[in-house]
Amino acid sequence: MKIDIFNHVMPAAYLELVRQHSKESGMVKRMSGLRMLWDIEARVAMLRDKFPELRQVLTLSLPAPELLGGAEHSPSFARVANDGMAEMCRKWPREFPAFVASLPMNNVPAALEEMDRAIGELGARGIQICTSAAGRPLDAPDLFPVFERATNHHDVPIWMHPVRPAVRADYAGEPASKYEIWQVLGWPFETSVAMARIVFSGLLQRLPRMRIITHHCGGMIPYFAGRAETLWAQLGSRSSDQDESRVLERLGKSPMEYFKMFYGDTVLGGAAAPLACGIAFFGADRVVFASDCPFDPEGGPMFIREGIRSVEDLNLAEGDKRKIYFGNALKLLRMEGKL
């Protein structure tokens, strides 16, 4: 068995909301053109034909509810998404044993209410957030209740998806990013920034049981671990803000120990070398198999197939391979013995 813990769907009703409300024409074009994102019968047929051993934990594709509408509309958008994913799990429980709730992160009271509903009534096994809440940092004090509720009340993991809009230019003075740099290089950067803000703000100190799954195996952090460790060991030496020189004292342990508390998924386009880097950084106990299906050149099967190949190419110990393919996911989802 293999559990694909980070792949994406878009319920048909939510796709209509995207078409109606999204201000990013490129996003609408991309989502509308990916059949296996919203034609779930086609997705199920592909899984049964090509990957009968695979189970997918469903997460909503971008745009997140808070990117689609203001605080007055995003709660209803989130409900549409979660109801749609819950229905997919009810209809195809073998292929989709679980889903992850999306929240309106620009409306914290509504986000808490929707989290309770999606987990308590619909059976969601976690929540998904973006690397920023409609452009706001995740360590903003008013967002803390979301992390606290997921961790201490529901005891569910948090899926963190990168987000950076095409309109955020690569250089000042340009109107937008070119060559899709905003996504290819920008998203791993945004993941790394969000992880750093979570670490240095002390969120993991306040919530030591919090479990966050980072898309694309922790972004830049594993690859730049040596640079990050040595330069952040000197935090404050280059800062005019005197408070930053006291951050390391407040953390209580080295920043890298906190970075290694995150989980990384295997979504690296099928490349084995960076996956080996991610496993070396997080350890086999904190890496989970995922595909990013259906965002590949074939529109569904390629990232699954190549993701499996990347794991197999590493010649891991059988125990480590089992952890990555399904063992770690079962523990995160609290579904040992249920699949």
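The values are calculated or read from the model by the stated rules, or taken from the named source; none is laboratory data. No experiment lies behind these values; they were computed from the predicted model shown. For neighbour counting, all protein chains shown are included, and Cβ atoms are generated from backbone atoms with ideal geometry for every residue, glycine included. The protein model used for the area step is the full one, side chains on, heavy atoms only, and it has no ligands, DNA or RNA in it. Shrake-Rupley method; radii C 1.70, N 1.55, O 1.52, S 1.80 Å.
Considering region 291-305, the residues that are part of a helix (DSSP H, G or I) and either open to solvent by 20 Å² or more (accessible area, probe 1.4 Å) or among the hydrophobic types (A, V, I, L, M, F, W, C) (or both) include one that is nearest to R55 (Cα to Cα), namely I304.
Does M261 count as in a loop (DSSP other than H, G, I, E, B), of a type outside the set (D, E), at pLDDT 95 or above and open to solvent by less than 50 Å² (accessible area, probe 1.4 Å)? Taking the combined requirement at face value, the residue satisfies it.
Taken over region 221-236, the residue count meeting the criterion of being in a loop (DSSP other than H, G, I, E, B) and open to solvent by less than 80 Å² (accessible area, probe 1.4 Å) is 5.
Just a yes or no: is a residue in region 113-134 in contact with a Leu (Cβ under 7 Å, 6 or more places away or on another chain), part of a helix (DSSP H, G or I) and either closer than 19 Å to N7 by Cα or touching a residue at least 60 places away in the same chain (Cβ under 8 Å) (or both)? Looking through region 113-134, none of the residues is in contact with a Leu (Cβ under 7 Å, 6 or more places away or on another chain), part of a helix (DSSP H, G or I) and either closer than 19 Å to N7 by Cα or touching a residue at least 60 places away in the same chain (Cβ under 8 Å) (or both). One residue alone among V247, V311 is touching a residue at least 12 places away in the same chain (Cβ under 8 Å), surrounded by 14 or more Cβ atoms within 10 Å (Cβ to Cβ), touching a helix residue (DSSP H, G or I) at 6+ places or on another chain (Cβ under 7 Å) and under 25 Å from C130 (Cβ atoms), and that residue is V247. State whether one or more residues within region 30-51 are under 19 Å from F289 (Cβ atoms) and not in a helix (DSSP H, G or I). Checking region 30-51: at least one residue is under 19 Å from F289 (Cβ atoms) and not in a helix (DSSP H, G or I). Check region 9-20 and report whether any residue there is open to solvent by less than 40 Å² (accessible area, probe 1.4 Å), in contact with a Phe, Trp or Tyr (Cβ under 8 Å, 6 or more places away or on another chain), in a strand (DSSP E or B) and in contact (Cβ under 8 Å) with a residue 60 or more places away in the chain. Yes, because at least one residue in region 9-20 is open to solvent by less than 40 Å² (accessible area, probe 1.4 Å), in contact with a Phe, Trp or Tyr (Cβ under 8 Å, 6 or more places away or on another chain), in a strand (DSSP E or B) and in contact (Cβ under 8 Å) with a residue 60 or more places away in the chain.
Taking region 176-209 as the range and being open to solvent by 70 Å² or more (accessible area, probe 1.4 Å) and either outside any helix (DSSP H, G or I) or in contact with a Pro (Cβ under 6 Å, 6 or more places away or on another chain) (or both) as the test, the residues that pass are K178, Y179, E180, L185, R197, P208, R209.
Within region 103-112, being open to solvent by 10 Å² or more (accessible area, probe 1.4 Å) and free of Cβ contacts under 8 Å to residues at least 40 places away in the same chain holds for V108, P109, A110, L112. Only one entry in V100, V80 is open to solvent by 30 Å² or more (accessible area, probe 1.4 Å) and among the β-branched types (V, I, T), namely V80.
Scanning region 124-144 for residues being open to solvent by 40 Å² or more (accessible area, probe 1.4 Å) and either among the small types (G, A, S) or within 15 Å of the chain's Cα centre (by Cα) (or both) gives a total of 3.
Annotation: V44 fulfils all but one of (1) of a type outside the set (G, A, S); (2) within 19 Å of the chain's Cα centre (by Cα); (3) open to solvent by less than 10 Å² (accessible area, probe 1.4 Å); the unmet one is (2). Report yes if some residue within region 67-87 is touching a helix residue (DSSP H, G or I) at 6+ places or on another chain (Cβ under 6 Å), of a type in the set (D, E, K, R) and either modelled with pLDDT of 95 or more or in a loop (DSSP other than H, G, I, E, B) (or both); otherwise report no. Checked against the condition, which is being touching a helix residue (DSSP H, G or I) at 6+ places or on another chain (Cβ under 6 Å), of a type in the set (D, E, K, R) and either modelled with pLDDT of 95 or more or in a loop (DSSP other than H, G, I, E, B) (or both), region 67-87 yields no hits at all.
The rows are residues; the columns are (1) farther than 25 Å from G226 by Cβ; (2) among the hydrophobic types (A, V, I, L, M, F, W, C); (3) surrounded by fewer than 16 Cβ atoms within 10 Å (Cβ to Cβ); (4) modelled with pLDDT under 95.
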position	(1), (2), (3), (4)
A273	no, yes, yes, no
C277	no, yes, no, no
A280	no, yes, yes, no
D285	no, no, yes, no
F289	yes, yes, no, no
G307	yes, no, no, no
E318	yes, no, yes, no
F326	yes, yes, no, no
G337	yes, no, yes, yes
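Looking only at residues in region 210-220 that are closer than 12 Å to Y258 by Cα and assigned to a loop (DSSP other than H, G, I, E, B), the one that is least open to solvent (accessible area, probe 1.4 Å) is M210.
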